[in-house]
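In what follows, a single structure is set out as structure tokens and then discussed.
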There are 2 protein chains.
Amino acid sequence: MDQIKAYGVLNATQPLGPLQIIRRLIGANDVAINITYCGVCHSDIHQARNEWRNSLYPMVPGHEIVGIVADVGTNVKKFKIGDKVGVGCLVDSCRDCLDCREGLEQFCLKPIFTYNCLEKDNKTLAQGGYSTKIVVDQDFVLRIPDNLPLDQAAPLLCAGITTYSPLHHWNVGPGKRVAIIGLGGLGHMAVKIAHAMKAEVTVLSRTLDKGDDAKRLGSDHVYATNDPKTFEKLSRHFDLIINTVSVKLDWGAYLGLLKRDGCMVLLGVPTDAPELQASPLIMARRSLAGSLIGGIKETQEMLNFCGQHNITSDIELISIDKINEAYERIIKADVKYRFVIDIASLK
Amino acid sequence: MDQIKAYGVLNATQPLGPLQIIRRLIGANDVAINITYCGVCHSDIHQARNEWRNSLYPMVPGHEIVGIVADVGTNVKKFKIGDKVGVGCLVDSCRDCLDCREGLEQFCLKPIFTYNCLEKDNKTLAQGGYSTKIVVDQDFVLRIPDNLPLDQAAPLLCAGITTYSPLHHWNVGPGKRVAIIGLGGLGHMAVKIAHAMKAEVTVLSRTLDKGDDAKRLGSDHVYATNDPKTFEKLSRHFDLIINTVSVKLDWGAYLGLLKRDGCMVLLGVPTDAPELQASPLIMARRSLAGSLIGGIKETQEMLNFCGQHNITSDIELISIDKINEAYERIIKADVKYRFVIDIASLK
């Protein structure tokens, strides 16, 4: 066992603070990673505060982890000491179900999440990346392309794959018109990736306040959704809409912006379930779908794609003592576009 | 002009009764059809009673039309006098938009419906199949396979294509598990067609009352949806669900019955919009879609498929004077499974 420094919560109501946690000794298939940076995802807040009613404490959040390989187990051939690596939302899965066998571990019914989950021994609490070190089975460790700065690459492990996966699955490419609803942590990654895939990209934001930024990130067009004319002008316009926001929207109005056979993909779960009329689906054979992070194979593919296209996240680097303040700013959508913790500040 | 006998309504509140209507003289591209049978669709009732708030009167309903070619225009090569033909929900479309050019006229924004619509001259009211004769452009006339009895074939023109189209579009075939929600006019056709496509077919009905009938029609399994155990037992079970009912259901619960990447297709529009949680879509990359009748090319393909597999509708043949009674029985779902009017009773 290995005592290491971390930052986390003991219950749903107190702020995050320093914790000591234990990491398992390296096994034959494990990779030990000295964490250098960890991105801050909105779901860290939901879980730290038990907003999904399934939190296990003490909890060290963080699933956008990057670092340097410190040690490898005797069976590990894929990684060596010094490699730049990453860990996302999953550290293991059942490896036996159809989803796992097809490399879609995100849909496994027995996933081991990076934190807020029991490890494979069914008794140790898995702890996340707001910590100095992590030990992970080699099959769930990702390689970070050498040209990507590690701090800016960290958010690719969740925000990157969550947007790459639907764009890839729904065949985005040249000649396709893609709309991105919301320009936050997920949205800004979706714009960069869809643009690199050579689609025509439109950002649909509540106002035009983020218009210049959207274009800088790679969007071809920006429309304000608080202007009813947007919904007339863009009627039957898009092949795919990626909805990155978790607030309750009038899904029917957005479905009307899709061409025949178009699809709107939901990445977030609104607390209040929207009402949905069947007609916008029926009248043009549209669909409404959902997507959840990505599998390990696809996550590596996304990282390689980002390496080729020099895509990283726009980040605000913080020291660990600013994490509680960062949480409050995320809730107010006051970040462009992802906080990343410099783990050196924890050592 | 040609004065002919019909049955229809003068306004939203009175029962159907005899009417005289006028059919255009045959044009160069037209086919004149002596109607022999016309199916009765639930949408006939919605429109006769102005329940969709878009009714045009006087109205002769009926879009499940079959008959015998009585005459053909000078340009007509595809049909000859004496041929067995059918007409469905569409008698023309713009022929210029992408949907029309791709043979998906059902999604054209300027369709000419068989009734409750203006004809291409933009002034004559189109009138449907509760009548002795109809004149239709040859491109919207379908050929009925010789082995199918005309009366039982009539409902294929709407109920048949409405269920064939999504089963075909979503690639139903051997090894696929398909659920059909509701065993009515649409549902019983969906069961027959999915069975002929060699899928494993399950009927999901409120109770098991129609269980024997479902199996006779080709269903492999029947489950009652008023039994909560059904939703546990069939969790993540189906590749495709065809929802033929227009009442408000808990779509989220039904989506849970789909495998990863499965799709539920809506064919009917509930008056009250159901609330929909995003999680059943996100957690297994499922989708909720809609489908609307079918294009002309696909409708002919469906008729040929039904000819090859000897598929027709289970019908109750009525004389025209029973139509008001039939409407009331349709509303009470008291028909197995489609009323068809014997147009000889109108002559």
message: Would you confirm, using the coordinates I've provided, whether B:Lys233 is surrounded by fewer than 16 Cβ atoms within 10 Å (Cβ to Cβ), more than 14 Å from every other protein chain (Cβ to nearest Cβ), farther than 26 Å from A:Gln277 by Cα and over 24 Å from the mean Cα position of the chain (by Cα)?
response: yes
statement: B:Trp52 passes all but one of the listed conditions (1) within 15 Å of B:Cys89 (Cβ to Cβ); (2) more than 14 Å from the chain's Cα centre (by Cα); (3) at pLDDT 95 or above; the exception is number (3)
Total residues in segment B:262-314, condition at the interface with chain A (Cβ under 7 Å from one of its Cβ atoms), part of a loop (DSSP other than H, G, I, E, B), over 11 Å from B:Ser165 (Cα atoms) and in contact with a Lys or Arg (Cβ under 7 Å, 6 or more places away or on another chain): 4
- request: Please tell me if A:Ile330 is of a type in the set (A, V, I, L, M, F, W, C), surrounded by fewer than 22 Cβ atoms within 10 Å (Cβ to Cβ) and touching a Ser or Thr at 6+ places or on another chain (Cβ under 7 Å).
  value: no
query: Quick check: anything in segment B:323-337 part of a strand (DSSP E or B), modelled with pLDDT of 95 or more and assigned by TED's automatic domain parsing to the domain that holds B:Leu16?
result: no
task: Read through the list (1) within 18 Å of the chain's Cα centre (by Cα); (2) crowded, with 20+ Cβ neighbours inside 10 Å, then give the number of the only condition that A:Ser246 fails.
output: (2)
- line: Sole miss for B:Glu325 among (1) more than 8 Å from chain A (Cβ to nearest Cβ); (2) in contact with a helix residue (DSSP H, G or I) (Cβ under 7 Å, 6 or more places away or on another chain) is condition (2)
message: Among the residues of segment B:249-261, are any in a helix (DSSP H, G or I), in contact with a helix residue (DSSP H, G or I) (Cβ under 9 Å, 6 or more places away or on another chain), of a type in the set (Ser, Thr, Tyr) and modelled with pLDDT of 95 or more?
response: yes
message: Out of B:Ile21, B:Ile33, B:Ile26, B:Ile65, I need the residue that is touching a helix residue (DSSP H, G or I) at 6+ places or on another chain (Cβ under 7 Å), in the same structural domain as B:Ser131 (by TED's automatic domain parsing) and either free of Cβ contacts under 8 Å to residues at least 60 places away in the same chain or aliphatic (A, V, I, L, M) (or both). Which one?
response: B:Ile65
statement: The condition of being surrounded by 22 or more Cβ atoms within 10 Å (Cβ to Cβ) and either within 17 Å of B:Ala278 (Cβ to Cβ) or of a type outside the set (Ser, Thr, Tyr) (or both) holds, among A:Cys306, A:Cys263, only for A:Cys306
- prompt: What single numbered condition from (1) buried (at least 18 other Cβ atoms within 10 Å of the Cβ); (2) within 14 Å of chain B (Cβ to nearest Cβ); (3) under 23 Å from A:Lys84 (Cβ atoms) fails to hold for A:Val136?
  reply: (2)
task: State the number of residues belonging to segment A:182-200 that are of a type outside the set (Lys, Arg), over 16 Å from the mean Cα position of the chain (by Cα) and outside any helix (DSSP H, G or I).
output: 3
- request: Have a look at A:Pro145, A:Pro155 and point out the one that is under 30 Å from A:Asp30 (Cα atoms) and outside any helix (DSSP H, G or I).
  value: A:Pro145
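The values are calculated or read from the model by the stated rules, or taken from the named source; none is laboratory data. If you're wondering where the values come from, they're calculated on a predicted model, not measured in any experiment. Please note: Cβ atoms are built from the backbone with ideal geometry, for glycine as well, and neighbour counts cover all protein chains shown.
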